């Protein structure tokens, strides 16, 4: 099985050379305007002739390129299922809201996952839940009925978001490759911590938090919820006793520092794959690295459009894989 990935890993190693380093990200931040950022990205080979003046289209094209590369290299794309759940469940949320509201949303769906927006809307409109993967069916039914009865979009969101976290965790724990298990563990734990932080700031109840959080090994949901009820200092104190102590430090610094730490945690998880040549690990790491890179570029472009200072943008950018 290891031999199946030797060629693919060799190809990915060459592509890693074009990933943005922290110094390249700094060059992008230093561009004076949104338009000069787009020019910089174009010169780096981002996008194509149809996306030169449209940042969001350029980023979408880069994601398409990434997945096209993976399809060329990996015969069984199911190894990436755990990475696709975030977008797949996002499509479910968007479809439920569109069907219930009757209002179509432009560019709210991801097309690079197993069920695109158009298909998802049809499934929800027909209540054909059996057409969904088994780990989505009950969440889809419950979220749809909840939104119809209560018109509470936030409640709909937490039902689907929790199901997504549970799907990620279940798939990760079943995975043969260690990086997928680590990714699932970190993703769910960090999501739970984010829920605790945001719930504390908005005075959410214990029941709300428990309804939103997913169980994982590295965070005790019950303890985290009760810490959130007692204030931000209690959340930090709890985190200091876990593998996520650096998150407490970032949380005390600022909201943007905490959000940055959340994403950087995933990058730290995958960095050991730079030294692995005989498994799917480096391919998974490359996908996550590119997603992180695209997200960071989006933050910079958004900052430029909004007129943020370079220092303000710099506070929000993520660590790069290379």
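Structure notes:
- Where only C-alpha atoms are counted, convex hull volume of the range 257-303 per residue in Å³: 62
- Computed from the alpha carbon positions, the gyration tensor of the range 22-107 leads to an equivalent ellipsoid with semi-axes of 29, 21, 12 Å, biggest first.
- Counting other Cβ atoms within 10 Å as a rough exposure proxy, the listed residues 89, 208 run 208, 89 from fewest neighbours to most.
- Scaled to the globular estimate 2.2 N^0.38 Å, the Cα spread of the range 276-322, given as radius of gyration, is 1.47.
- Extension gain (nm, one decimal) between residue 33 and residue 306, 0.36 nm per residue minus Cα-Cα: 97.2 nm
- Percent of Cα pairs exceeding the 20 Å cut-off, where the set is the range 177-279: 37
- Mean residue ellipticity at 222 nm, helices only, the chain: -22000 deg cm²/dmol; runs of at least 4 DSSP H residues each add -39,500 (n - 2.57), and the sum is divided by the number of residues.
- Per-residue Cβ neighbour rank within 10 angstrom, fewest leading, 308, 109: 308, 109
- Projection of the Cα convex hull of the chain, averaged over all directions and equal to a quarter of that hull's surface, yields 17.0 nm².
- Kirkwood-Stokes translational diffusion coefficient of the range 80-174, alpha-carbon pairs, 10 °C, 1.306 mPa s, µm²/s: 121
Rule-based calculations on the coordinates, nothing more; no lab input. Quick caveat: nothing in here was measured; it's all calculated off a predicted structure. Don't worry about glycine lacking a Cβ; one is built from the backbone with ideal geometry, like all the others, and counts go over all protein chains shown.
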